[in-house]
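The values are calculated or read from the model by the stated rules, or taken from the named source; none is laboratory data. Please read these numbers as outputs of a predicted model, since none were measured by experiment. Reconstructed Cβ throughout: ideal geometry from the backbone, glycine too, with neighbour counts over all protein chains shown.
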Amino acid sequence: MADLSVSIGGLRLANPLIAASGCFGYGVEYADAVDLSTLGGVAVKGLFLAPREGHAPPRIVETPSGMLNAIGLQGIGVHRFIDEKLPDLRRRGAVVLVNICGTTLDEYVELARILSDAEGVHALELNISCPNIKEGGITFGCSLPGTHAVVSAVRKATRLPVIPKLTPNVTDVASFARAAEEAGADAISLVNTFLAMAIDVETRRPKLTNIVGGLSGPAIRPIAVRMVYECRQAVTIPIIGMGGIACADDVLEFMIAGASAVQVGTANFVDPFIWDKLLHGLRAYMQRHALERISDLTGTVDTARKQTAWISS
Amino acid sequence: MPLDIDAAVLSNRRLSDDYSVLALAAPAIAAAARPGQFVMLKTSRGMDPLLRRPFSIFEVLRDAHGAPSGITILNKRIGKGTALLYEVEPGARLECLGPLGRPFEPVDPPAEAWMVAGGVGLAPFVTLSEALIARGTAPTLFYGARRAADLHCADLFERLGVTIVYATEDGSRGATGFITAPLGAALDAAPASLDLRLYVCGPTPMMRAVAALAAAHRRRCDVSLEQVMGCGMGGCYSCVVPARDAGGPPHHTRSCIDGPVFDAARIVWEALAH
């Protein structure tokens, strides 16, 4: 029997497939279509302490093999999440990663304390990478001292696994991975979306109300794979890879590049029944390659150069 | 629970240079569909366009024994995805997810049902008419378009015995101007004792105007809102509309799972982008 289980910072997941934050509501929206307990985990929509209304529509626009979004972190706030959504997730046996966002260090710490006391939360994913809101979040994620500060502050406030979600909108993502590791992160997840823009040439107006938004989908996958590969060289903590995964081969590519688990986001919009297809594809690959444990695949990319030169000098 | 069916295209009847009626073999979706619900259609096999598009279920098709066999959608060519659907030929397959969304609530007699449609907003009213008629409620359709040639598929409603009131902007059929003129006159003439519900789908300015008329006449009005949708399942939060509940502050609510059918009185019309 193929062993699909993986470990992320002390957290055991039944398989490496996690629903990506911001792409799966609070999980309960999909409970009719998907048995949430069959997923490796569910990263719920980013939560602040207080509810937020987000940006005015249009909030998404399609681009080749991808989409831009500027939702603006609309959300019900942590208290309503704990009261209204978490019991349902718990009952359904979901492994819950709560994505938290703050405008200040204290807000991250407060969120971590509140969620540490809530039954049914398995890990905290620190959103320090949303490109769509000006205040907080990204200001931590785009500065090495900021990343270090927020991760160590949350680390001290909780026993839950702490997983900062990194932005790709920096020059050297590996240095941010190192800062997170040094600050005590149990794992890192990457990448969040790429800051991007689309303009209607007829009206000369941006297609998003927010003017700019985050690019996701298959268009970004090769860049995300490269970033996971770079981070794998830089840190020893587990990596949750994401960015445009749309089929089992994409999952495998991220794992071979260095990810211990993956998140799937945009592809779930296109196909909410994708999870079984991905698992089926992973099992078929493991059988084809006589692979007993999928976790053995992590970081196995073979970069040894072939020595047969075409032209001898 | 929504189903995802790789549905064969049975036919694609072009009504004009822009409109077509696309029939899909999707028995399980047809059997589960309720009036006002929608499907998310993938318009290509590849990644451009990447996302599915929402479409009201226009008709439920039945086989010779009366069993649900498929659905149709009323497609209007607007962008890349709808252009692909306009061109699609029988035999092709399209991934079809549904049925989705909060349906219309058909009223029972002695209540009357007035449906108000503009352009492609006609789409949810065939199935609503059938549901109303099945309950013994005789529906009336107020149907507006730019010109007579754009008043597609009225024959479907005539066949069902629906009373139709037309308006065209150029006066080529029915009242001249917007559909709100004959609708307003009918509302003025309706006795206060008449139990009446309005059902509206069309361009946002039209829905807003009808919502205002309904409010002025203290009539319950349900609108089916059409928004850009990413997933149709409540996952992405792209399709929000501004709503107000029980005197509370305006908030964004998802039209895919809280709608697409809303009590018009909940909608903050001045904020709704169009």
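Going by what's in this entry, would B:Arg254 be described as free of Cβ contacts under 8 Å to residues at least 60 places away in the same chain, in the same structural domain as B:Arg208 (by TED's automatic domain parsing), under 19 Å from B:Phe104 (Cβ atoms) and not hydroxyl-bearing (Ser, Thr, Tyr)? Yes: the conditions hold for B:Arg254.
In the stretch B:30-59, which residues are crowded, with 21+ Cβ neighbours inside 10 Å and more than 29 Å from A:Ser216 (Cα to Cα)? Passing the criteria: B:Ala30, B:Ala33, B:Pro35, B:Gly36, B:Ile57, B:Phe58. Going through the stretch A:22-37 one residue at a time, which ones are at the interface with another protein chain (Cβ under 9 Å from one of its Cβ atoms) and assigned to a helix (DSSP H, G or I)? Those that are at the interface with another protein chain (Cβ under 9 Å from one of its Cβ atoms) and assigned to a helix (DSSP H, G or I): A:Val28, A:Glu29, A:Tyr30. Assigned by TED's automatic domain parsing to the domain that holds B:Thr127 and touching a Leu at 6+ places or on another chain (Cβ under 8 Å), is that true of B:Ala214? Answer is yes for this residue. Considering (1) in a helix (DSSP H, G or I); (2) more than 14 Å from the chain's Cα centre (by Cα); (3) surrounded by 15 or more Cβ atoms within 10 Å (Cβ to Cβ), the lone condition that B:Val120 does not fulfil carries the number (2).
Filter the stretch B:101-116 down to residues that are among the hydrophobic types (A, V, I, L, M, F, W, C) and part of a loop (DSSP other than H, G, I, E, B) and give me whichever is nearest to B:Pro203 (Cα to Cα).
From the stretch B:101-116, those among the hydrophobic types (A, V, I, L, M, F, W, C) are B:104, B:107, B:111, B:113-116; that's our starting set.
Then keep just the ones that are part of a loop (DSSP other than H, G, I, E, B); that gives B:104, B:107, B:111.
On the way: B:Phe104: 18, B:Val107: 24, B:Ala111: 26 Å.
Among them, the one singled out is B:Phe104.
The single condition among (1) buried (at least 23 other Cβ atoms within 10 Å of the Cβ); (2) touching a helix residue (DSSP H, G or I) at 6+ places or on another chain (Cβ under 7 Å); (3) assigned to a helix (DSSP H, G or I) that A:Arg178 does not meet is (1).
Specify the residue that is farthest from A:Ser21 (Cα to Cα); the eligible residues are those in the stretch B:217-238 that are touching a residue at least 24 places away in the same chain (Cβ under 8 Å) and among the hydrophobic types (A, V, I, L, M, F, W, C). Of everything passing the filter in the stretch B:217-238, B:Cys221 is farthest from A:Ser21 (Cα to Cα).
For the stretch B:219-251, residues that are buried (at least 24 other Cβ atoms within 10 Å of the Cβ), within 14 Å of chain A (Cβ to nearest Cβ) and either among the small types (Gly, Ala, Ser) or more than 21 Å from A:Glu62 (Cα to Cα) (or both) total 4.
Here are some residues: B:Gly91, B:Gly70. Which one is surrounded by fewer than 19 Cβ atoms within 10 Å (Cβ to Cβ) and in contact (Cβ under 8 Å) with a residue 60 or more places away in the chain? Among B:Gly91, B:Gly70, only B:Gly91 is surrounded by fewer than 19 Cβ atoms within 10 Å (Cβ to Cβ) and in contact (Cβ under 8 Å) with a residue 60 or more places away in the chain.
Once the stretch B:253-263 is narrowed to residues that are buried (at least 24 other Cβ atoms within 10 Å of the Cβ) and out of contact with any Gly (no Cβ under 6 Å at 6 or more places or on another chain), the residue that is farthest from the other protein chains (Cβ to nearest Cβ) is B:Gly259.
The helices (runs of 4 or more DSSP H) found wholly in the stretch A:88-174 and carrying at least 2 residues that are in contact with a Ser or Thr (Cβ under 9 Å, 6 or more places away or on another chain) and among the small types (Gly, Ala, Ser) occupy A:105-116, A:144-157. Applying the set (1) of a type in the set (Asp, Glu); (2) more than 14 Å from chain B (Cβ to nearest Cβ); (3) under 21 Å from A:Gly41 (Cα atoms) to A:Asp302 leaves exactly one unmet item: (3). Could you please find all residues in the stretch B:207-228 being at pLDDT 95 or above and under 18 Å from the mean Cα position of the chain (by Cα)? Matches in the stretch B:207-228: B:Met207, B:Arg208, B:Ala209, B:Val210, B:Ala211, B:Arg220, B:Cys221, B:Asp222, B:Val223, B:Ser224, B:Leu225.
Inspection of the stretch A:90-97 finds no residue satisfying the criterion of being within 12 Å of chain B (Cβ to nearest Cβ) and either in contact with a strand residue (DSSP E or B) (Cβ under 9 Å, 6 or more places away or on another chain) or closer than 19 Å to A:Ser216 by Cβ (or both).
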